């Protein structure tokens, strides 16, 4: 404060910077600031040299001061401080402590404010402390200014509230003494945090308002319009008015205001004709967690020839500057004849029809051309996989009702269709990853050996920040930024409003070669849907026959995996097993010949279970009743094409292969291979 000399030669340090603010009914200790920054002596030392400490109160600085009489109960003087137990509204004012003797005098004042809680709240909004935290980072909130209420060597019992209500804190929020520690800040952590401390028969409360912002940006702003990458052209007539609007996105950069402005060549707008050139104020369009989208408009009245040319919009922050350009040109005046107008109209109509046809059937046309006239991609021939599949694995018993369809699509439908129908070779980490080093190194190696990277954006993938590994590993991040690998991002749900969605948008801006495909629920599961066509178009092209035909792919929106195949497989196994029994026990053949004929009749009636193939039990075999065989174990040789629900078409076998196959088919007692046993056990 300003240093003054009073009439009685007392040094006045005015009002101390520390302001005491307390809620009605709470205790407070006002310490004489002289001993805490103005003189080197403490209270005990000053007493020993004959200095006395006196207290005065005034309603405001410079007003009349009167000595304070202490009752020793509610208001008492204790060494270098005044204690209020508790405070009342009439205690508001300035309290001056004067340290003096006959030759020495020094004075300083402390301000005290007493206020009531806001209606239905446990705090006064004008007495809050303020803290800021960045999204996804850690933050500690301390209970401030409670030193006077904690006894030395005794553990303080502090209770925390949010919005004045007790709260069941999540595991990532830990309470340690007078500190509330948040390990990973979320958007819903915004609010008022109140700590409560018991002091004798009184309660002491401190409230801190926590605001959350996006992470501090390390990139320059991004111009949304006009485009940064190409020169935009505006045609106009001389004498008309033109409005040029620039829109830009600013990441959170602290308390710095967005900087956006127009220039014509090397001149600022202020240096041009002020009468006809007007630059608007910066207008905020939207704001979220400190990130802003703003716009600024340049208006030119009565455009002249000299006004034509390039105009640049600049945006800046501490990380750099970007610009986008607009060129103003004079609109050409053409004299159209009827013939020229008609010809141009016909051409325009034809172009519209062609463009409409292309817009509506672009994917179908490109796939048709590629399937009939295209050549296989030679780019990436040295890679082992067609695509690396990145998704968040969630056990089926943990699927929520809202995200069940999305999780089923990501974990079951998508890999099955790509591999079994289209014949692509996918790398699925949970299935194919063989550890050779650290997990991140293994993932980087496998992504490097893939032609595409498919990211399945389910709600769980977004919440768990499944893409984090692509940001942490330098090699993976460089592949995305430089466009070394093409990325297919499949959005399985409406992601707006889900936690971390802003980071998804930032991820899209980071990836150089990116295609976003929307999965629109069960209707997209049909192989004839636009979803599969677009996905096939974005995948590497190669001539191949699908592993299973179109008709054999299950309609996954209506039935589970192998649901139709179980009936035919069960019948086939029963039939083959019975044949094996008959072959192994010739003495049983005559006893069960009649039941065999009946069984073959039933088998012919069950042909509707067979998908697109026929498999007949040899007519010469007889089928004994399984119940008569007791506990015997018999291994039978069942064609794997029948177990898998398919049979190769159009495949010509050599005579050697055919003879081996027939020998195996006729020898029902030939044991199954271990691999076949494992496959059949999974299916059954």
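Any read-out appearing in this document is the output of simple, stated calculations on the displayed coordinates, not a laboratory observation. What you are looking at is a predicted structure, and each value in this text was computed from that prediction instead of being measured.
The table below gives the values:
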| item | result |
| --- | --- |
| Cα pair count fraction exceeding 21 Å, expressed as % - the range 382-538 | 43 |
| Kirkwood hydrodynamic radius of the range 10-124, from inverse mean 1/r over distinct Cα pairs, in Å | 14.9 |
| Scattering curve values for the range 222-330, log₁₀ I(q)/I(0), Debye with Cα scatterers, q = 0.13, 0.23 Å⁻¹ | -0.48, -1.29 |
| Cα gyration tensor shape for the range 181-267, rounded if a/c is under 1.5, else prolate or oblate | prolate |
| 25 °C / 0.890 mPa s Stokes-Einstein diffusion coefficient of the range 129-213, Kirkwood radius on C-alpha pairs, µm²/s | 183 |
| Cα extents of the range 102-247 along the three principal axes, largest first (Å) | 84, 56, 35 |
